[in-house]
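Contents: one structure, followed by commentary.
The values are calculated or read from the model by the stated rules, or taken from the named source; none is laboratory data. Note that the coordinates shown come from a computational prediction; the quantities given were computed from them, not determined experimentally. A quick note on method: Cβ atoms are made from the backbone with ideal geometry, for glycine too, and the neighbour counts reach across all protein chains shown.
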Amino acid sequence: AASPVTITVTGGAGQIGYQLLFRIAAGDMLGAEQPVRLRILEVQQALPALEGVVMELHDAAFPLLASVDTTADAAVAFEGADHALLVGARPRGKGMERGDLLAANGAIFAAQGRAIQERASERIRITVTGNPANTNALIAAAAAPDVPRERFSALTRLDHNRALAQLAARTGTPVGDIRRMIVWGNHSATQVPDVTHALVGGEPAIDLVDREWVKGEFVPTVANRGAAIIEARGASSAASAASATVDHVRSWVQGTPADDWTSMSVVSRGEYGVPEGLVSSFPVTCSDGRWSIVDGLAVDADVRAQLDASVAELAAERDAVRELGYL
Ligand code: NDP
């Protein structure tokens, strides 16, 4: 049998963690043949609650779960880590300004970046789910200069999946028949869901839906879906965010299908006019554990304008954390 892969998950006592850990242990992320070691990082005061989650992980008797350890020490958490899933983040409190949020998370993600650089395995791949995810990934990467840039990523797969679901519903097609969806930019309300290259059952999506629907309904519904779920459920989306995190890592490691791509936030080298160094969402294909940005796509004029606005937001976040000394 394969030797276990070490997966470090931060914020494991949180809502997303409660879904994510069980999906990983079940083999949904790395496959039914791959044993996993879970290493869970939490803040000190959440460790007692995390013990309950660990008891449930044991009680699920997952054949692939080789071990579960918990700690409040990042140096211990990332020791030998092959995957770092950075879920824990400081939520925006009442009356908290964006600058306060960036500062609180800057401290968390810089410390974790340093621990990753010092402790993680050579194979380390980092996925940031905790918000503001793109900028948190940028901070972690800056704190780990010896780790190759392409190992850092942030989650926009949930936005991608939400876009698939909306287009599927509109066209009365199963999601599995839709290919080449794109989400560009920041994981925020400025994100840019783009159907202009999407195929529905092999047919161009733009032949099946009108521009009015795309602009007036599709884009805002996808971009504001998080708020709609909070409104309906009284709590933010957790199961779908965990599921998207599993999808993101699975695509990265196991590859994307030959005739399709996915959306991932990765460090720009200037592709599609996104300034070098920003962590932005792009269409990517993955194979052999590496991603590459799909190149040569024509960018629709509406998409271009929205992407420029989203990139401006990313640049403003970068400038703010630079001012705080994290870059
Ligand atoms: P959740 O598990 O619901 O969310 C965790 C993070 O994921 C948040 O930053 C959240 O952002 C983000 N997120 C990304 N996409 C989504 C989405 N679609 N829906 C909801 N959230 C999304 O938060 P909890 O408060 O339940 O749990 C966080 C845990 O992290 C706590 O147990 C806390 O103790 C821990 N933590 C651990 C740290 C560490 O290990 N060093 C540091 C900080 C916190 P948003 O806030 O925008 O919803």
Strands (runs of 3 or more DSSP E) contained in the range 213-309 and holding at least 3 residues in contact (Cβ under 8 Å) with a residue 40 or more places away in the chain | 262-267, 279-287
Limited to the range 33-45, what total is found for residues that are touching a strand residue (DSSP E or B) at 6+ places or on another chain (Cβ under 7 Å) and more than 9 Å from the ligand (Cβ to nearest atom)?
-> 6
State which residue pairs qualify: first residue basic (Lys, Arg) and inside the range 19-41, second residue part of a loop (DSSP other than H, G, I, E, B) and buried (at least 22 other Cβ atoms within 10 Å of the Cβ) in any location, beta carbons under 7 Å apart, and separation of 6 or more residues or different chains.
-> ARG23/MET29; ARG39/ALA81
Spans of strands (runs of 3 or more DSSP E) in the range 1-114 with at least 2 residues under 19 Å from ALA241 (Cα atoms) = 5-10, 36-41, 83-86
Do we find a residue being within 21 Å of ALA154 (Cα to Cα), touching a Gly at 6+ places or on another chain (Cβ under 7 Å) and among the acidic types (Asp, Glu) anywhere in the range 76-92?
-> no
Could you say whether any residue in the range 88-106 is aliphatic (A, V, I, L, M), at pLDDT 95 or above, within 15 Å of the ligand (Cβ to nearest atom) and in contact with a Ser or Thr (Cβ under 6 Å, 6 or more places away or on another chain)?
-> no
Could you check, for the range 163-173, whether at least one of its residues is within 22 Å of GLU317 (Cα to Cα) and in contact with a strand residue (DSSP E or B) (Cβ under 7 Å, 6 or more places away or on another chain)?
-> no
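Let's see how each residue does on (1) among the small types (Gly, Ala, Ser); (2) farther than 15 Å from GLU150 by Cβ; (3) in contact with a Gly (Cβ under 8 Å, 6 or more places away or on another chain):
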{"position": "ASP260", "(1), (2), (3)": "no, yes, no"}
{"position": "GLY277", "(1), (2), (3)": "yes, no, no"}
{"position": "SER280", "(1), (2), (3)": "yes, no, yes"}
{"position": "VAL284", "(1), (2), (3)": "no, no, no"}
{"position": "GLY296", "(1), (2), (3)": "yes, yes, no"}
Would the range 46-58 turn up any residue that is surrounded by 14 or more Cβ atoms within 10 Å (Cβ to Cβ), touching a residue at least 40 places away in the same chain (Cβ under 8 Å) and within 13 Å of the ligand (Cβ to nearest atom)?
-> yes
Matching residues in the range 113-134 - criterion: being farther than 17 Å from ARG322 by Cα, in contact with a strand residue (DSSP E or B) (Cβ under 6 Å, 6 or more places away or on another chain) and within 12 Å of the ligand (Cβ to nearest atom) | THR127, VAL128, GLY130
Out of the range 69-91, which residues are buried (at least 18 other Cβ atoms within 10 Å of the Cβ), hydrophobic (A, V, I, L, M, F, W, C) and closer than 20 Å to ARG123 by Cα?
-> ALA74, ALA77, PHE78, ALA81, ALA84, LEU85, LEU86, VAL87
Where residues in the range 268-306 are touching a helix residue (DSSP H, G or I) at 6+ places or on another chain (Cβ under 7 Å) and aliphatic (A, V, I, L, M), which of them is surrounded by the most Cβ atoms within 10 Å (Cβ to Cβ)?
-> VAL279
